[in-house]
Amino acid sequence: MGAVAERPSSDLPSRMWNAVWRPTPGSLRLLALFGVIGNVLIVVSGGAVRVTQSGLGCPDWPRCSGDSLVPTHDPDHPLLNMSIEFGNRLVTFVVLTAGLLVFIAALRLRPRRKELVWWALAQPMSVVAQAIIGGIVVLTKLHPAAVSLHFLVSPALLVFCVALWVRAGEGDAPALRLAGPWTRGLTAALLASCAAVLIAGTVVTGTGPHAGDADSRRYGFDITEVARVHSVLAWVTAGLTVAVLIALHQTGAPAAARRRGHELAALIVLQGAVGYLQYFLGVPEGLVLLHMLGSVLMWIAAFRLFFALRDRGGVPVAAVTAPPEPSELPAPSDEPEASGRRGARTGSGPSPAGNPQPA
Ligand code: HEM
């Protein structure tokens, strides 16, 4: 008996319902992409809180102020700051909902792929962790270390989101390496240096003027020195990106991997330019937000490059169709069931072309 075709639903709510309750690898991938976008948005909305000095707009947590969960009139806290901080808290709920939906979809996908379930579970869990750290930020009156940690959880969470997004679009075959040990080693070093730039960036922020509130504590370093360390690390990252690109071209790496490398290189050039511009212009708010957005986009691009260096085969065949509702099950038949080829490299999903290299 052939697989039951998915009944096309015309209206958006039932399509959304199907995407979660009767997921296909494609719909799971789309939900995972929403998770990636939601986490990028939360970085930018968190940045907006900081640069508008709204960090203590809601002076309490989990309540906004006094007994109220939402912004109310408070003589010490302007309504605009309160609303900006409250808006950022609301984005957390959106991201949490996206995380829960993607987790349900990963659980419902047939055949169930355990690894996807774990990546998906990490998302709502980390949003909860992020909400708690957000609370610590407020309760420590924006201590710079808490603010740094609050930012850095987002790139960490994005690792889960990107992993799910990528893995939902490929199979479970043993990883076939598409690049040699040198290229892989350089890419691992590139990821480490990206992480170092992000960490150093938060130290620059925690030393500079954008504390999130006029009276909150700073790290107390020399701003020129920390900005220098941060920009040197950015140059190291740029150098490693060039080295990876050369290695990809010289070893005939797959076109997809080279494309990911070019995307990353373009983002680093833009990010570096914004970084210098904001430094020399005295960190204007708009550029700070753009720099924050660029930092997470770069991080995502670096992980996509990392994943493009191996092939896990096409999506398992049986997972291509959604599990049917009981009412849609066909009448029993004597024909044998079509069995899914879990992890088959010949599955229906795209498989990157290139020169596979031995480990
Ligand atoms: C690979 C490129 C770069 C990345 C990924 C990056 C990333 C970051 C991150 C994550 C932050 C902290 C954001 C926050 O805590 O809210 C930051 C802050 C900062 N970065 Fe970069 N950066 C890069 C290059 C540069 C360069 C070349 C400069 C030039 C000096 C620069 C100047 C700054 C400054 C001045 C801040 C503090 C902004 C503020 O006060 O809010 N960055 N960067």
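Quick notes
- Single unsatisfied condition, Gly212 versus (1) on the phi > 0 side of the Ramachandran plot; (2) more than 10 Å from the ligand (Cβ to nearest atom): (2)
- Of the residues making up the stretch 155-180, those that are in contact with a Ser or Thr (Cβ under 9 Å, 6 or more places away or on another chain) and within 16 Å of the ligand (Cβ to nearest atom) are Pro155, Ala156, Leu157.
- Filter pass, Ala322 being crowded, with 21+ Cβ neighbours inside 10 Å, modelled with pLDDT under 90 and part of a loop (DSSP other than H, G, I, E, B): yes
- Where Ala146 falls short, out of the listed (1) crowded, with 23+ Cβ neighbours inside 10 Å; (2) under 20 Å from Gly201 (Cβ atoms): (1)
- Just one of the listed residues (Ala238, Ala247, Ala195) is within 9 Å of the ligand (Cβ to nearest atom) and either assigned by TED's automatic domain parsing to the domain that holds Val269 or of a type in the set (Phe, Trp, Tyr) (or both), namely Ala238.
- Residue tally, condition surrounded by fewer than 16 Cβ atoms within 10 Å (Cβ to Cβ) and not hydroxyl-bearing (Ser, Thr, Tyr), over the stretch 89-99: 3
- Output for the stretch 118-129, where each listed residue is within 23 Å of Arg29 (Cα to Cα) and out of contact with any Leu (no Cβ under 6 Å at 6 or more places or on another chain): Trp118, Leu121, Ala122, Gln123, Met125, Val128
- The stretch 267-310: number of residues that are under 30 Å from Arg177 (Cα atoms) and either more than 10 Å from the ligand (Cβ to nearest atom) or not assigned by TED's automatic domain parsing to the domain that holds Ala227 (or both): 10
The values are calculated or read from the model by the stated rules, or taken from the named source; none is laboratory data. Just so you know, these numbers come straight off a predicted model, no measurement behind them. All Cβ positions, even for glycine, are placed from backbone atoms using ideal geometry, and neighbour counts span all protein chains on display.
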